[in-house]
Amino acid sequence: ACAELPASLVESVSARCDELGTAGALLRTAAVIGPELDVELLAAVLGRPVVELLDDAERAAAKQLLADADGTFRFRHELVRDALAASATAGRAALLHRQVGRVLARRPAADPVTVAHHARLGGDLPLAARSLRDAAARAAERFDHAAAEALLDDALRLHPDPEGWLARARVRTRRGRYSEALSDVELAGAAGPAALEAGAWASYFDRRFTQAAQFAEDGALAAADPATRARCLAAGGRTRHAAGDLAQAELLLGEAL
């Protein structure tokens with residue numbers, strides 16, 4: 001929509017912005033990022049003190065370019081923001097989104113979907129994919145496995161890697177899509193023992209007990225950390241139990257414990 005704005009409007013808003021000096025630079029940056037100003041985020045992106053940015057935001061509000069609602073600043077008119085965003089070069093806009101994504105990624109409470117949005121626009125596809133995986137994990141915690149799988153599909157389209165395939169294999173197993181989960185396990189081979197564990201569980205629930213036992217055994221042998229080894233042993237024990245080999249099941253589950 002920004003590209004369709006009349007050039008005269010973009011030039012007019014841009015000229016008003018230039019009259020504000022450093023406050024104008026704040027507005028240009030904020031316009032690319034979104035309608036509401038996160039002063040602390042902008043300070044981190046611009047490398048300026050928060051107090052200075054507050055002063056600039058108040059100057060812009062006095063000139064009717066921003067609205068101040070209980071200390072929260074936002075653009076008074078969406079057309080003004082669109083015009084300022086349209087005046088930014090593609091390279092500058094990408095740089096700003098990339099920086100915003102990286103700053104937000106360091107915030108514990110940041111929404112991973114928002115991080116992914118900025119990272120994608122900034123061309124940081126590994127960060128975008130990682131953030132979408134975080135969002136998928138949150139969806140899975142709510143038992144919304146369909147949403148989790150959709151987010152992982154997006155992550156893998158952006159940046160296919162073993163962690164993404166492994167995460168999707170686990171979600172597909174929870175959804176009962178065992179053959180597709182096993183296809184992801186094969187692609188996630190570089191994830192090592194964790195991929196073997198995922199293969200064991202997908203095979204177990206699909207009642208492919210011989211295959212599940214082999215995955216579990218290989219995972220337990222390859223695992224360097226006790227937690228992964230214990231999970232592989234548990235998968236092997238559950239598989240042996242389901243197959244009727246109670247003595248071996250007891251041995252493996254005891255070792256896992």
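Just the residues that are open to solvent by 40 Å² or more (accessible area, probe 1.4 Å) and acidic (Asp, Glu), please, taken from segment 174-232. Within segment 174-232, Glu180, Glu186, Asp206, Glu217, Asp218, Asp225 meet the criteria. Screening segment 52-110 for residues that are charged (D, E, K, R) and farther than 20 Å from Thr22 by Cα and picking the one that is farthest from the chain's Cα centre (by Cα) gives Asp70.
Results for (1) part of a helix (DSSP H, G or I); (2) out of contact with any Pro (no Cβ under 9 Å at 6 or more places or on another chain); (3) under 21 Å from Arg174 (Cα atoms); (4) not basic (Lys, Arg), shown as yes or no for each residue.
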{"residue": "His117", "(1), (2), (3), (4)": "yes, yes, no, yes"}
{"residue": "Ala135", "(1), (2), (3), (4)": "yes, no, yes, yes"}
{"residue": "Arg138", "(1), (2), (3), (4)": "yes, no, yes, no"}
{"residue": "Ala150", "(1), (2), (3), (4)": "yes, yes, yes, yes"}
{"residue": "Ala155", "(1), (2), (3), (4)": "yes, yes, yes, yes"}
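Outside any helix (DSSP H, G or I) and within 22 Å of Ala230 (Cα to Cα), is that true of Arg207? For Arg207, the condition - outside any helix (DSSP H, G or I) and within 22 Å of Ala230 (Cα to Cα) - is met. Is there any pair linking a residue in segment 114-139 that is at pLDDT 95 or above to one that is open to solvent by 50 Å² or more (accessible area, probe 1.4 Å) and of a type in the set (Val, Ile, Thr), with Cβ under 7 Å and at least six apart or on different chains, and which? Correct list of pairs: Ala135/Val113. Are any of the residues in segment 184-191 at pLDDT 95 or above and either of a type in the set (S, T, N, Q) or under 18 Å from Ala234 (Cα atoms) (or both)? Checked segment 184-191: no residue is at pLDDT 95 or above and either of a type in the set (S, T, N, Q) or under 18 Å from Ala234 (Cα atoms) (or both).
The values are calculated or read from the model by the stated rules, or taken from the named source; none is laboratory data. Please read all numbers here as calculations on a predicted model, not as lab measurements. A quick note on method: Cβ atoms are made from the backbone with ideal geometry, for glycine too, and the neighbour counts reach across all protein chains shown. Accessible surface is based on the protein model in full, side chains and every heavy atom, while ligands, DNA and RNA are left aside. Shrake-Rupley method; radii C 1.70, N 1.55, O 1.52, S 1.80 Å.
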